[in-house]
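Okay, so here's the structure we're looking at.
No value in this document is a laboratory result; all are computed from the given coordinates. From a predicted model like this one, the values you see are computed outputs, not experimental measurements. Cβ coordinates were reconstructed from backbone atoms using ideal geometry, including for glycine residues, and neighbour counts include every protein chain displayed.
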Amino acid sequence: MDVFELNRRLGRGVNILGYDPVWRSRDEARMRDEHFALIKRAGFSSVRICLHPLRDGGIDSSGNLTSYWLGVLDWAVEQALENRLLAVLDFHEFVAMGKAPLELKGKFLSFWRQVSDRYSGYPEEVLFELLNEPNSQLTPELWNSLLKEALQIVRETNPDRGVIIGPAFWNSIKYLERLELPEEDRGIIVTVHYYEPFQFTHQGAKWAGLEGKVGVEWGGTEGEKEAIRRDFSKAQSWAESRGRPIFLGEFGVYDKASMVSRVRYLSFVARLAESLGWSWAYWQFDSDFILYDIPSNRWVEPVLRALIPSNLP
C-alpha cells in the first residue's frame, strides 16, 4: 500500500451520518441510498462516516456491537463502495472518551477488534480512523499509549489497512508535536481539524458558547490568509519531516455566518489544503454547517461551489 497515493484518492470528502436518526431507526433515516450517488456526482471522492456506538446504543454492556447497529454500518460502507467513494470509519465518541478514557478503554478496544475483524476482507477503499478529537481527560500522553494499543489490534487482522490518527487536544495542529506514532508503521495517515478563527467559524453556536456572537466576517484579507497559511505550514513541516500524509478531517463554518464570508473562507481553506497535497473532508453533509438540504432535496449551492468549483475537475 502506498499511503500517499491512498491519501490522494481520499481527495475531497464530506462527513456524514454523525447525527442521523438511522442509527436508532431505519424508518427515521434522513440520509438514503440516493444521497451517496449525489455526493459522488457532485465531485466528492470520499465520505467520513462518523460513528457513535456508545451514544446510539450500538454497543452493549459487554462491549459487543449490536446486530442492528452493525447492519447500518454495513449499509453505509456498501453504499459508499457501490458509488466509488472511499469510506473512513471514524470512531467519533470524542465527548465520552474525553470524559472517561480509562473507564471506556475496554469498549474502545473492543470496538476496534470487532470492526477490524468484520472489515478485514474489504478493499483498501475502507479506512479506519481510531478516534475523533481526543481531548480533556484523554491527554496527549494517555492518547499516545491508547492509540498504540488500538493500532496493534487493527494490525492483527488488517496489516495493510490505511489507518487515520490525529493528535490530542481536538486534533489540533498545535499538538502534532506531542503525537507519537510507531515509526515502523507506514500505513498511517495523520489527521488534523481546523476551525480558526473560532469566533468566526462557530459564531452563533450555542454549544460553543457563542450563541449571541454573530456578524463576524472573514474578509479574506492578506493578514487573515497568512494566519491560516502559518498554521498549515506548521502541519506540513511536521508531516514532511516524518514522512506522513495529512488528512484535513474537518473544517467548516457554522450556518449563522454570512454566506459571503463562508464561501470566501471555505474556498481559501480547501484550495490551500489541496495545494499542499492534503486530502480533506468538509463538516458536514447534513444537520448543521449544512452542505445538502435533505428536506428540500437540494445542495446549498454556494457552499458546494466553494468546496468544488465547477471549473475544477
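Estimated at 0.36 nm per residue, the fully extended path between ASP60 and LYS148 surpasses their Cα-Cα distance by 29.3 nm. This model, with +1 at the C-beta of Lys and Arg and -1 at the C-beta of Asp and Glu, gives the chain a dipole about its Cα centre of some 520 debye. Note on region 1-150: antiparallel DSSP beta bridges, both residues inside, total approximately 5 percent of the bridges counted.
For the chain, the share of DSSP beta bridges that are antiparallel, to the nearest 5, is 10%. Dipole orientation for region 124-172: of the candidates ASN158, LEU147, PHE128, LEU147 has the Cα lying most toward the positive pole (charges on Cβ; Lys, Arg +1; Asp, Glu -1). Panel order for LEU109, LEU272, by other beta carbons found within 10 Å of each beta carbon, from fewest to most: LEU109, LEU272.
Using only alpha carbons, region 112-219 has a radius of gyration to Kirkwood radius ratio (Rg to Rh) of 1.09. Ordering TRP143, TRP207, TRP75, TRP238 from the fewest to the most neighbouring beta carbons within 10 Å gives TRP207, TRP75, TRP238, TRP143.
Here the dipole of region 171-237 is about 200 debye; that uses its Cα centre as origin and unit charges on the Cβ of Lys and Arg (positive) and Asp and Glu (negative).
Taking label positions 7 Å along the Cα-Cβ direction at both GLU141 and TYR19, the computed distance is 3.5 nm, reported to one decimal. When each full DSSP H helix of the chain is screened for a Cα extent of at least 15 Å along its own axis and an average Kyte-Doolittle hydropathy of at least 0.0, the helices passing are 67-82, 259-275. Look at ASP20, ASP293 and count the other Cβ atoms within 10 Å of each Cβ; fewest to most, that gives ASP293, ASP20.
Taking the Cα centre of region 1-50 as origin and assigning +1 to Lys and Arg Cβ atoms and -1 to Asp and Glu Cβ atoms, the resulting dipole is close to 140 debye.
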